[in-house]
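Please read the structure below before turning to the comments.
Values quoted throughout were computed directly from the atomic coordinates according to the rules given, and no laboratory measurement underlies them. This is a predicted model, so every value here is computed, not measured. Every residue, glycine as well, gets a Cβ built from its backbone with ideal geometry; the counts of neighbours run over all protein chains shown.
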Amino acid sequence: MTPHICIFLPNFDNGGVERMLVNLAYGMWQNQIKVDFIVANKDRPYLAELPPEVTIIELQTHDQHQQIEKTAQYLNEHTPSAMLSAKEPDIAIAEAAIHSSNVSCTFFIRAVTNHTQRLSHSNPLKRWFSLREIKKLYAKADGIIAVSQGVADDLLSILGSAAPVITTANNPVITPSFQDKAKQSVAHPWFEEGQPPVILGIGRISRAKNFPLLIKSFAQLRQQRECRLMIVGSGKKQDKLLKLSDKLGVRADIDLLGYQENPYAFLKQASLFVLSSLWEGSPNVLTEALASGCPVVSTDCLSGPKEILQNGKFGPLVPMNDVDALTKAMNETLNHPLPAEILISATENFTAINSAKQYLKAMYGDGADA
């Protein structure tokens, strides 16, 4: 079978899901696969990075009923063999459109998070309602492609006997544009020659990323050696991080940089990257750090870090919320970093072209004529 894949994401924002699906479309194109990309409007982040051979289709509406109607029309006219979507509102629209069309199009969901862990901080009613919606939506798919085995296992526990076939595929993190961006210079005095090592955290300042743990561990480490901490990312809890750093006496050695268009250049310059999260799906930034040759330390959260770091082979895994363990791992990694070429070797399966091959196998088995 010659694949013709439609990536369906009308609720296109500027997050990691969107960036990964654009990278996936690029990887599919590299594998000589016909790809259509459906969005509500073309004027969105990342879409300009798509090769011209990927057809971008605009629904030109945010009304769900019209989106269902227009998508069903697209399916009848273009007859893709498979459709892939990743966000709950879009999943519901895609399923309704396929049901109302006249074509046989298999539908796959890209599952990106550990729902049980994510919802463990919600009130019981919200948790029950969210899990009910997940069960309803995901059970209708022909297949689910999870970004890590941890995410796959979590979905299987939620869906039970109603689960469709669940497979895994690595995120398409590494593209040629990633390497180009990583090589760009960073104009920051902390990266000048002779300065203390810089520890880097990247991500939205939210509960999930648990930056307070990173700051507390950094404060302990700062008592043992000269070092500095940068955090790239924005969020409503930024003021709380500043107050915490003041309380711990390390404010002068911490720089909260906010959102940066090119965080990869910071990874290339940093001495250490730390992932302090409470939960993940498959943390792209951990893969990006390895691909940049930057040594890493991560909490052993659900899901993804253990798989990416291959049980600690490519960087220490420490218990969540353990300040002392994280401090020790940071210090030891700064003292004895793995060579960049070894770290980079861990990301071979996360290139766009290799990830796309994994997706093709999940969607078509060994019968794809790629």
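Okay, here's what the table says:
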| item | result |
| --- | --- |
| The chain: relative contact order in percent, alpha carbon pairs under 8 Å with at least 6 residues between | 18 percent |
| Calculated FRET efficiency for the pair E307/N123, C-beta based, R₀ 25 Å, to 0.05 | 0.25 |
| Computed P(r) (all Cα pairs; the stretch 1-134; 10 Å bins; percent) | 12, 41, 33, 13, 2 |
| Longest to shortest principal axis, alpha-carbon extents of the stretch 29-69, angstrom | 34, 20, 10 |
| Mean shadow area of the stretch 93-134 over all directions, Cα convex hull, nm² | 3.8 nm² |
| FRET efficiency for L156 and H65, using Cβ-Cβ distance with R0 set to 41 Å, rounded to 0.05 | 0.80 |
| Nearest-ten-degree value, helix 149-159 long axis tilted from longest Cα axis of the chain | 50 degrees |
| Summed side-chain charge close to H115 - residues other than H115 whose Cβ falls under 15 Å, Lys, Arg +1, Asp, Glu -1 | +3 |
| Value of [θ]222 nm, deg cm²/dmol, for the chain, DSSP H segments ≥ 4, -39500 (n - 2.57) each, nearest 500 | -12000 deg cm²/dmol |
| Cα centroid separation - the stretch 1-60 against the stretch 162-195, whole Å | 19 Å |
| Folded to 0 to 90 degrees: helix 16-30 orientation relative to the chain principal axis, Cα | 60 degrees |
| Helix axis angle, 352-364 relative to the chain longest principal axis, alpha carbon, degrees | 40 degrees |
| Cut-off 20 Å (backbone N to label point 7 Å along Cα→Cβ of M320), residues of the stretch 195-213 | 201-213 |
| Per principal axis, descending, Cα span of the stretch 138-181 in whole Å | 45, 19, 11 |
| Dmax and Rg, reported as Rg then Dmax, of the stretch 176-348 (C-alpha, Å) | 14.6, 43 |
| For the stretch 114-241, average projected area of the Cα convex hull in nm² | 11.7 nm² |
| Local net charge near R44, Cβ-Cβ under 15 Å (Lys/Arg +1, Asp/Glu -1) | -3 |
| Neighbour net charge for I308 - beta-carbon separation under 13 angstrom, K R +1, D E -1 | -3 |
| Where only alpha carbons of the chain are counted, the Rg and the Dmax (Å) | 21.3, 67 |
| Taking only Cα atoms of the stretch 248-370, radius of gyration then Dmax in Å | 16.4, 60 |
| Sparse-neighbour loop sites [trypsin sites (Lys or Arg not before Pro); the stretch 270-354; at most 15 other C-beta within 10 Å; DSSP] | K313 |
| The stretch 208-251 - convex hull of alpha carbons, volume per residue in Å³ | 66 Å³ |
| For the stretch 161-273: lysine pairs under 16 Å (alpha-carbon distance), excluding those fewer than 8 apart on one chain | 10 |
